[in-house]
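One structure is given here, and the rest of the page talks about it.
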Amino acid sequence: MRDVFVVSAARTPVGKRNGYLREWVPAELLGHVLDEVVDRVDVDPALVEDVINGTVYQVGEQGFTLARMGIFASKLPNDVPGTSINRQCGSSLTAIQMAYGMIASETQDVIIASGCEIMSKYPIGSDMGGTLPDGRPQGQAFGEFYFKRLAGGAMYNQGQAAQAIGEKWGISRLDCEEFALASHTNAHNATVNGYFKEEILPTKGLDKEGNEITMDADETIRPETSLEKLAALNPALGTEWITAGISSPVTDGSSAVLLMSEEKVKELNLTPLVRIKANAVVGCDPVLMLTGPIYATPKALDKANLTIDDIDLFEVNEAFAPIPLAWAKELNAPMDKLNVNGGAMALGHPVGNSGSRLTVTAIHELIRREAKYALVTLCTGGAMAPATIFERV
């Protein structure tokens, strides 16, 4: 198997629900970042052999094959193919893993892996319901086979699963609120200090009044939040204590990474950002559903012949606060290495985009710190989790 390198990585600022990105056509937003990762290293777009894109709600403007539509909206030539994949919240990290496999196996040399999701247009559940052409109900995605696998356990929604995880691992609402406050504080500090500057592609959009603006910072960070404000929020999602404040907000965004074989990196005389050290993906308990990172992390570490102490940075998606807190508690991971510039509670979770966004952030922070290893992992709907370890070179 060949080594695989990331040579370019960029993302849009994350947009809040009905925020500055609300009127973008997903293909155009994706094309925007596809062009950026090629331009950053001055690579001929014709060298790209495939685009693998993660999107969860593949309906409407995000339907058909969004990767291919993004190519048509970019400067990439017509003979570049594209495919769209859905591993729920892990979709775009899985896109990176698939690109790795194609390059490592000598099938291809240059691939863009990406993510794109505009939840302002296509919120959670957009692919549910509807009717067939003959008028019959389209059917429920969570069919009898999923219920059989629950084996008599509860059918939780994700918020209820997050609360159950918190209770199982002895995590309180206050623990979660303190973690959420730190997420916003760290994200705000990273923004003010310019830590995101290299990874963010300034992107045009609309303000509240519909005037064109250009954003160069994430729209979702709330530096004014406090423990008092978080404590005043009411529980949501049929839970006793999961609130909007300890959950990731509905958001929009796109991101991409350009991957190459070592031979192509040398041929083009490029300086890679990181090498992909190891990949893993797991399924987990369909009742608790969101515990996958706890099991994907050791699997990735074992493949890399590393321990958790060897990792300098962890990006564990903050879909809900109990998820990374339970992960850290179970694996005895140091909290000062976890989501150091804030996580999804502050930076948002445009679901299909998040794995790629976390990767872009982890790569640039590795470089800024001159550190060695970063691990990225996300829980997903359907009880799964991918995990990837990146090595600065």
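The values are calculated or read from the model by the stated rules, or taken from the named source; none is laboratory data. Remember, it's a predicted structure, so these values are computed and weren't measured experimentally. Note: ideal-geometry Cβ built from the backbone for every residue, glycine included; neighbour counts use all protein chains shown.
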Checklist entry - Is one or more of the residues making up segment 358-367 on the phi > 0 side of the Ramachandran plot and either in contact with a Phe, Trp or Tyr (Cβ under 7 Å, 6 or more places away or on another chain) or not hydroxyl-bearing (Ser, Thr, Tyr) (or both)? => result no
Checklist entry - Consider Val6 against the criteria (1) more than 20 Å from Gly253 (Cβ to Cβ); (2) out of contact with any Asp or Glu (no Cβ under 8 Å at 6 or more places or on another chain); (3) not in a loop (DSSP other than H, G, I, E, B): it satisfies all of them except one. Which criterion is unmet? => result (1)
Item to check | Residues satisfying the stated conditions in segment 77-90, i.e. part of a loop (DSSP other than H, G, I, E, B) and either on the phi < 0 side of the Ramachandran plot or modelled with pLDDT under 95 (or both) | outcome: Pro77, Asn78, Asp79, Val80, Pro81, Asn86, Gly90
Checklist entry - From the residues in segment 136-161 that are in a loop (DSSP other than H, G, I, E, B) and modelled with pLDDT of 90 or more, which one is surrounded by the most Cβ atoms within 10 Å (Cβ to Cβ)? => result Tyr156
Next on the checklist: Six or more apart or on different chains, Cβ atoms under 6 Å: show the pairs whose first residue is in segment 10-22 and over 11 Å from Pro249 (Cα atoms) and in contact (Cβ under 8 Å) with a residue 24 or more places away in the chain and whose second is of a type outside the set (A, V, I, L, M) and buried (at least 24 other Cβ atoms within 10 Å of the Cβ).
Outcome noted: Arg11/Ser255; Arg11/Arg357; Thr12/Gly253; Thr12/Ser254; Pro13/Asp218; Leu21/Gly15; Leu21/Asp252
Checklist entry - Of these, Leu21, Leu34, which one is in a loop (DSSP other than H, G, I, E, B), in contact with a Gly (Cβ under 7 Å, 6 or more places away or on another chain) and at pLDDT 95 or above? => result Leu21
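Let's see how each residue does on (1) surrounded by fewer than 18 Cβ atoms within 10 Å (Cβ to Cβ); (2) hydrophobic (A, V, I, L, M, F, W, C); (3) part of a loop (DSSP other than H, G, I, E, B):
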position	(1), (2), (3)
Gln58	no, no, yes
Phe64	yes, yes, yes
Ala67	no, yes, no
Ile71	no, yes, no
Lys75	yes, no, yes
Ser92	no, no, no
Ala95	no, yes, no
Gly101	yes, no, no
Ile112	no, yes, no
Item to check | Options Ile71, Ile52: the member that is at pLDDT 95 or above and within 20 Å of the chain's Cα centre (by Cα) | outcome: Ile52
Item to check | Subset of segment 353-380 (residues that are under 15 Å from the mean Cα position of the chain (by Cα) and either assigned to a strand (DSSP E or B) or modelled with pLDDT under 95 (or both)) | outcome: Ala374, Leu375, Val376, Thr377, Thr380
Checklist entry - Are any of the residues in segment 186-206 in contact (Cβ under 8 Å) with a residue 12 or more places away in the chain, β-branched (Val, Ile, Thr) and not in a helix (DSSP H, G or I)? => result yes
Item to check | Selection count, segment 304-328, where residues are free of Cβ contacts under 8 Å to residues at least 60 places away in the same chain and either more than 18 Å from Cys379 (Cα to Cα) or of a type in the set (Val, Ile, Thr) (or both) | outcome: 4
Next on the checklist: Regarding segment 298-313, can at least one residue be identified that is surrounded by 17 or more Cβ atoms within 10 Å (Cβ to Cβ), of a type in the set (Gly, Ala, Ser), outside any loop (DSSP other than H, G, I, E, B) and in contact with an Asp or Glu (Cβ under 7 Å, 6 or more places away or on another chain)?
Outcome noted: no
Checklist entry - When only residues in segment 292-347 that are among the small types (Gly, Ala, Ser) and over 17 Å from the mean Cα position of the chain (by Cα) count, which is nearest to Tyr373 (Cα to Cα)? => result Ala304
Checklist entry - Taking segment 209-248 as the search range and keeping residues that are in contact (Cβ under 8 Å) with a residue 24 or more places away in the chain, among the small types (Gly, Ala, Ser) and part of a loop (DSSP other than H, G, I, E, B), which one is surrounded by the most Cβ atoms within 10 Å (Cβ to Cβ)? => result Ser248
Checklist entry - Which is among the small types (Gly, Ala, Ser) and over 25 Å from Val250 (Cα atoms), of Gly60, Gly82, Gly54, Gly70? => result Gly82
